[in-house]
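Bear in mind these aren't lab numbers, they're just calculated from the coordinates by the rules spelled out. Note that this is a predicted model, so its numbers are computed, not measured. As a convention, Cβ positions derive from the backbone with ideal geometry for all residues, glycine included, and neighbour counts pool all protein chains shown.
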Amino acid sequence: MLQKKMYLNGEWVDARSGETREIINPYNQEVIAIVPEADVEDAKQAIKIAREAFDNGEWSHLPGAERGHKLFLLAEKIEENKQELAELETLDTGKTVTESIADMEDIAGVFRYFAGLADKDGGEVIESPIPHSTSMVVREPVGVCGQITPWNYPLLQAAWKLAPALAAGNTMVIKPSEITPLTTIRVTELMEEVGIPEGVVNVVLGPGATVGNELAESEEVDLISFTGGGATGRKIMKAAAGNFKKIALELGGKNPNVVFADADFETAVDQALNAAYFHAGQVCSAGSRLIVEESIKDAFVKELVERTKGVKLGSGFEEDTEMGPLISAEHLAKVERYVEIGQEEGAKLLVGGSRPEDPELQNGFFYLPTILDGCTRDMTVIQEEIFGPVITVETFKTEDEAIELANDSNYGLAGAVWTNDMYKANRVTRALRMGTTWVNDFHPYFPQAPWGGYKQSGIGRELGHIGLEEYQETKHIFQNLDPQPVHWFTKK
Ligand code: NAD
């Protein structure tokens, strides 16, 4: 069993109170680690350290290329240690090692991307309407950043925040989800090895309501970046109002997967499964809302049901496992309840809808992949994020109806369109009110492309060039170059 600590000012420390928390493997409920459980006082101390490191430290004044160099080294370290990191992520989350390895490769890519950007944005010279003057727009770090991450992609979500914040020259306090802190701790050890200066990145471990809230509320924090559920996002916005800190919110999704009759049938079926069951559906962009053209619906759903029955549940460490457990007993109960509500409101259960009977899986938080047919837009399972391996089925007859159904949500994170008619694909993707749309694919994302939501899926964007800008202030510098500038009060 691992014994880990928090990272404050370059030192590995316990919580001041001495409190600890057990970290549980969702596959078998075994305790895999003991970590400190911080409280508000620890969070305040971490913020103070980050403030001091920003105000008086060297990091924000280093040339971008030097910060970038450290991030390149970190990316290399992550590659070198990807097997170990991936296994840790699988122990902590239950996802398959194959998925975790892919996460680690993506994470290395995220650090490389922002490493490359660190010295690319020198600002710009703009035209000044005032004679004999120069006008420049420069980018500066925001300051102290609070970063709060969820449990579904613990290290990937941390990387999306750490990499641009570091590249831009900020200092930070990161709080991983209290139930999945292990890879964030491990990558902090790697940051120490590559020489990220003390005080620049501080890691506090503890509950959202206390430690997370302090990061959102503190007037010493200049920016709060949060990934998680909408209810928490609302609390963070309110807490952040005191000093009007910058806010970046990556929230949930209820993502439509729109299949037209002219799509490639086999590929669309295959990807509908991938869209919804990847990481047991615990993905903000999971394609859980299948919206399929009526003329192919019966054949499409029949095939989906057959393939769903064959999905192999098991340990993330087994090579043939396709789906691991859900993250916790609490979350499993939530998913079960949603499927019950769906049926109470009139949806028809076609497959799944329960925990598996396999005796091998009884200690884990497993739930069978599930399909609910006959869903309508007013149902709870269509409007609320289930965050489990559940596909809801709706049908449409016309393109306009497909667009209307797809957009009928408070969320607007991502969605896909399946068709061989590229004109139609273009019309539909342009009409979708979502931050990311895919044509004839589901899930691809990469550091070069921005990620974030319309509507209640969030505020701001991560990744891409815009992901760096989230962590920068913009300053206009006007320089008069005329020894006798003309102003209204000197004008003759
Ligand atoms: P959550 O909102 O319960 O928790 C997320 C984080 O917020 C945790 O670290 C938690 O400790 C902290 N937190 C909880 N209460 C807080 C408070 N009052 N103040 C400050 N921090 C607080 O979310 P979760 O259950 O960990 O994650 C699942 C959610 O995350 C889903 O809704 C999912 O869609 C969303 N998500 C979104 C994206 C995206 O890119 N849009 C990515 C991953 C997950």
Loop-resident sites, the range 298-378, for chymotrypsin sites (Phe, Trp or Tyr not before Pro), counting at most 14 other Cβ within 10 Å (DSSP): 317
Check residue 292: other-chain or 5+ apart residues with amide H under 5 Å from its amide H, H built from backbone geometry? 259, 394, 395, 396
I need the phi-derived Karplus couplings for the range 131-138: 6.51 cos²θ - 1.76 cosθ + 1.60, θ = phi - 60°, integer Hz, Gly and Pro marked x. x, 6, 8, 10, 10, 10, 10, 10
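Summing +1 for each Lys or Arg and -1 for each Asp or Glu, what net charge is found among the other residues whose Cβ lies under 10 Å from the Cβ of residue 415? Kindly include the intermediate steps, with their values, before the conclusion.
Numbers: positive: 254, 289, 433; negative: none.
The answer is +3.
So what is the calculated 222 nm ellipticity per residue for the chain, using -39500 (n - 2.57) for each DSSP H run with n of 4 or more, over all residues, to the nearest 500 deg cm²/dmol?
The helix-only estimate for the chain comes to -11500 deg cm²/dmol at 222 nm.
Under the definition of Cα pairs under 8 Å and six or more residues apart, what whole-number percent is the relative contact order of the range 119-199? Before the final figure, lay out the partial values.
On the way: 82 pairs, mean separation 20.8, N = 81.
With pairs under 8 Å counted, the relative contact order is 26 percent.
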For the range 286-358, state which trypsin sites (Lys or Arg not before Pro) are in a DSSP loop and have at most 14 other beta carbons lying within 10 Å of their beta carbon. 312
Can you tell me the relative contact order of the chain? Whole percent, Cα pairs under 8 Å, sequence separation 6 or more. 18 percent
If each part is reduced to its alpha-carbon centroid, the range 414-491 and the range 94-126 end up apart, in Å, by 17 Å
How much of the DSSP beta bridge set in the chain is antiparallel, as a percent to the nearest 5? 45 percent
Roughly what angle does helix 97-117 make with the longest principal axis of the chain, taking Cα atoms, 0 to 90 degrees, to the nearest 10? 30 degrees
Geometric extent, Cα atoms of the range 139-296 - Rg, Dmax (angstrom): 18.9, 62
For the range 320-354 and the range 221-277, what is the separation of their C-alpha centers, rounded to whole Å? 20 Å
Kindly write out, for the range 3-12 in residue order, the coupling ³J(HN,Hα) from the Karplus curve 6.51 cos²θ - 1.76 cosθ + 1.60 (θ = phi - 60°), rounded to whole Hz, with x marking Gly and Pro. 10, 10, 10, 8, 10, 10, 6, x, 10, 8
Pull up all non-local amide H partners of residue 414: gap of 5 or more, or a different chain, and H-to-H distance under 5 Å with H placed in the peptide plane. 254, 435, 436
In Å, what is the Rg of the alpha-carbon atoms in the chain, and how long is Dmax? 24.2, 93
Angle between the chain longest axis and helix 230-240 axis [Cα atoms, degrees, rounded to 10]: 20 degrees
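How large is Rg over Rh for the range 292-377, taking Rg from the Cα atoms and Rh as the Kirkwood inverse mean of 1/r across Cα pairs?
Details: Rg = 14.3 Å, Rh = 14.2 Å.
Computed over Cα atoms, the ratio is 1.01.
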Under the Karplus curve 6.51 cos²θ - 1.76 cosθ + 1.60, θ = phi - 60°, whole-Hz ³J(HN,Hα) for the range 15-31, x wherever Gly or Pro sits: 5, 4, 6, x, 5, 9, 9, 8, 9, 10, 7, x, 6, 9, 6, 6, 7
Given backbone amide H placed at 1.01 Å from N, residues whose amide H is under 5 Å from that of residue 202, ignoring those fewer than 5 places away on the same chain, are 172, 173, 174
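As an exercise, take the mean of 1/r over every pair of distinct alpha carbons in the range 224-292, invert it, and state the Kirkwood radius in angstroms.
Working: mean 1/r = 0.0708 Å⁻¹.
After inverting the mean inverse Cα-Cα distance, the result is 14.1 Å.
So if I take the alpha carbon set of the range 256-439, get Rg, then get Rh from the Kirkwood formula, what is the Rg over Rh ratio? Provide the component values of the computation, followed by the final result.
Numbers: Rg = 15.9 Å, Rh = 16.5 Å.
Answer for the range 256-439: 0.96.
Rank by packing, highest mean first: peptides 5-17, 212-224, 154-166, with packing defined as the count of other Cβ atoms within 10 Å averaged across residues. Walk me through the numbers before you get to the answer.
On the way: 5-17: 16.8, 212-224: 22.8, 154-166: 27.4.
By packing density, highest mean first, the sequence is 154-166, 212-224, 5-17.
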Taking the dipole of the chain about the Cα centre (Lys, Arg +1; Asp, Glu -1; charges at Cβ), the one of 478, 290, 181 that reaches farthest to the positive side is 478
Relative packing of 28-39, 132-143, which averages over residues the other C-beta atoms within 10 Å, highest first: 28-39, 132-143
How far, in degrees from 0 to 90, does helix 40-56 lean away from the longest principal axis of the Cα atoms of the chain, to the nearest 10? 40 degrees
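Sort the following peptides by mean Cβ neighbour count (other Cβ atoms within 10 Å, averaged over residues), highest first: 465-477, 42-54, 248-260. Numbers along the way, then the final one.
Working: 465-477: 17.5, 42-54: 22.4, 248-260: 26.2.
Ranking the peptides 465-477, 42-54, 248-260 by packing returns 248-260, 42-54, 465-477.
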